[in-house]
Amino acid sequence: MKNFFVLLFLITTLSISDKQYYVKAGGNDTFDGLSDATAWATTAKVSSYTLFVAGDIVAYRMGDTFYGTTAIKKAGVTITN
């Protein structure tokens, strides 16, 4: 029974991480960034976000233009387009 609860905890913990965040021209930095409809707009928002965990993905929309730099202070976060 103890092993069951340990396994359940691990599965729950793993499913909480690995979020994909979206960034696009015309997005809004007050949104949560968790879908295309609620995408962020700026690299400044990505850099200031402190709740990233290893396994998260930040997806910049291909073809859009972004100014500035992205500095994520958490290891294991992937930036893609």
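The values are calculated or read from the model by the stated rules, or taken from the named source; none is laboratory data. These numbers come from a predicted model, not from an experiment. Cβ atoms come from the backbone with ideal geometry, glycine included; neighbour counts cover every protein chain shown. Heads up: the accessible areas ignore ligands, DNA and RNA and are worked out on the full protein's heavy atoms, side chains in. Shrake-Rupley method; radii C 1.70, N 1.55, O 1.52, S 1.80 Å.
Among the residues making up the range 48-64, those that are under 15 Å from residue 28 (Cα atoms) and more than 11 Å from the chain's Cα centre (by Cα) are 48, 61, 64. Tell me, please, whether a residue that is touching an Asp or Glu at 6+ places or on another chain (Cβ under 6 Å), part of a loop (DSSP other than H, G, I, E, B) and of a type in the set (S, T, N, Q) can be found in the range 28-41. The answer is yes; a qualifying residue exists. Inspection of the range 61-81 finds a residue satisfying the criterion of being of a type in the set (Val, Ile, Thr), open to solvent by less than 80 Å² (accessible area, probe 1.4 Å) and touching an Asp or Glu at 6+ places or on another chain (Cβ under 6 Å).
Taken over the range 28-47, the criterion of being within 14 Å of residue 70 (Cβ to Cβ) and more than 12 Å from the chain's Cα centre (by Cα) is satisfied by 29, 41, 42, 43, 44. Residue 40 meets each of the listed conditions (1) crowded, with 17+ Cβ neighbours inside 10 Å; (2) out of contact with any helix residue (DSSP H, G or I) (no Cβ under 8 Å at 6 or more places or on another chain); (3) not small (Gly, Ala, Ser) apart from (2).
Contact map, the range 55-81: first residue free of Cβ contacts under 8 Å to residues at least 24 places away in the same chain and closer than 18 Å to residue 38 by Cα, second residue charged (D, E, K, R) and not in a strand (DSSP E or B), Cβ cut-off under 9 Å, separation 6 or more or different chains; pairs are 81/61; 81/64.
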